[in-house]
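One structure is given here, and the rest of the page talks about it.
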Amino acid sequence: MYYGNIKNCDIADGIGVRVSLFVSGCTNHCENCFQPETWDFCYGKPFTEETEEALLKMLRPAFIHGLTLLGGEPFEPENQRALLPFVRRVREELPDKTIWAYSGFTLEELQTPGAHAHCEVTAELLAQLDVLVDGRFVEALKDISLLFRGSSNQRLIDMKRTLAAQQVVLWEPEVV
């Protein structure tokens, strides 16, 4: 797997201050994608053990709320297979951090055997997430006022509650 960018101290892609990993490779090719260069599966740099160590170091400070996976497309099957061992490490070593992922595929597509994005590790990767932002960016539904998403068809899914209820439960920010 390759990645196009890593953002430390990202505040745009989930709650709190986050470390964001932008993986390379995407077959969705959404119209007006904000980074079409990441469609190429070989764009950027290889995701190596050194990359993992650097990400874990960035995630360790107490002010970092968690990890966000974006792209490109984290749920392309080859990316899922590379990300799952890393996400397991994050859960084991930093259990208080949240994990968010953005996907152009819907949760239903990800959970459907035989669908392009469904593979042998999809269920486990989904179970590692706190929030899944799903659905392709649709230019005609673009709305810059939406929280953590670009178009109104996209959903913020609370994955822990969704898997427990076996139906989609939308994520809502905590009111303080």
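I'd like the full set of residues that are of a type outside the set (A, V, I, L, M) and under 18 Å from the mean Cα position of the chain (by Cα), limited to region 125-145.
First, the residues of region 125-145 that are of a type outside the set (A, V, I, L, M): 128, 130, 134-137, 139, 142-143, 145.
Once the filter is applied, which keeps residues that are of a type outside the set (A, V, I, L, M) and under 18 Å from the mean Cα position of the chain (by Cα), region 125-145 yields Gln128, Asp130, Asp134, Gly135, Arg136, Phe137.
Scanning region 33-64 for residues that are within 30 Å of Glu139 (Cβ to Cβ) and at pLDDT 95 or above yields Asp40, Phe41, Cys42, Tyr43, Gly44, Lys45, Phe47.
Looking at region 4-13, can you tell me whether even one residue there is more than 11 Å from Gly71 (Cα to Cα), of a type in the set (D, E, K, R) and touching a Cys at 6+ places or on another chain (Cβ under 9 Å)? No: region 4-13 contains no residue that is more than 11 Å from Gly71 (Cα to Cα), of a type in the set (D, E, K, R) and touching a Cys at 6+ places or on another chain (Cβ under 9 Å).
Per-residue answers, yes or no, for (1) more than 17 Å from Trp100 (Cβ to Cβ); (2) loosely packed, with under 14 Cβ neighbours inside 10 Å; (3) not charged (D, E, K, R):
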site: Asn8; (1), (2), (3): no, no, yes
site: Val19; (1), (2), (3): no, no, yes
site: Ser24; (1), (2), (3): yes, no, yes
site: Asn32; (1), (2), (3): yes, yes, yes
site: Asp40; (1), (2), (3): yes, no, no
site: Thr48; (1), (2), (3): yes, yes, yes
site: Glu52; (1), (2), (3): yes, no, no
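When restricted to residues that are assigned to a helix (DSSP H, G or I) and out of contact with any strand residue (DSSP E or B) (no Cβ under 6 Å at 6 or more places or on another chain), region 88-117 contains 9. For Leu125, indicate whether it is in a helix (DSSP H, G or I) and touching a strand residue (DSSP E or B) at 6+ places or on another chain (Cβ under 7 Å). In short, no. So, in region 150-176, of the ones that are surrounded by 15 or more Cβ atoms within 10 Å (Cβ to Cβ) and in contact (Cβ under 8 Å) with a residue 40 or more places away in the chain, which residue ends up farthest from His65 (Cα to Cα)? Ranking the candidates gives Val168 first. When Thr68, Thr122 are checked against the criterion of being crowded, with 20+ Cβ neighbours inside 10 Å, at pLDDT 95 or above, touching a Phe, Trp or Tyr at 6+ places or on another chain (Cβ under 8 Å) and closer than 14 Å to Leu21 by Cβ, Thr68 stands alone in meeting it.
Thr122 satisfies every condition listed in (1) without any contact (Cβ under 8 Å) to a residue 40 or more places away in the chain; (2) under 15 Å from the mean Cα position of the chain (by Cα) except (1). Annotation for region 132-143: at least one member residue is under 27 Å from Glu78 (Cα atoms), outside any loop (DSSP other than H, G, I, E, B), touching a residue at least 12 places away in the same chain (Cβ under 8 Å) and in contact with a helix residue (DSSP H, G or I) (Cβ under 6 Å, 6 or more places away or on another chain).
Filter region 57-87 down to residues that are part of a helix (DSSP H, G or I) and more than 16 Å from the chain's Cα centre (by Cα), then give me how many there are.
Let us first name the residues in region 57-87 that are part of a helix (DSSP H, G or I), namely 57-59, 77-87.
Keeping just the survivors that are more than 16 Å from the chain's Cα centre (by Cα) gives 57-58.
Selection size over region 57-87: 2.
Look at region 80-109: where a residue is under 30 Å from Glu139 (Cβ atoms) and without any contact (Cβ under 8 Å) to a residue 24 or more places away in the chain and a partner is among the β-branched types (Val, Ile, Thr) and buried (at least 16 other Cβ atoms within 10 Å of the Cβ), sitting 6+ places away or on another chain with Cβ atoms under 9 Å, you get Glu108/Val168.
The values are calculated or read from the model by the stated rules, or taken from the named source; none is laboratory data. Please read all numbers here as calculations on a predicted model, not as lab measurements. Reconstructed Cβ throughout: ideal geometry from the backbone, glycine too, with neighbour counts over all protein chains shown.
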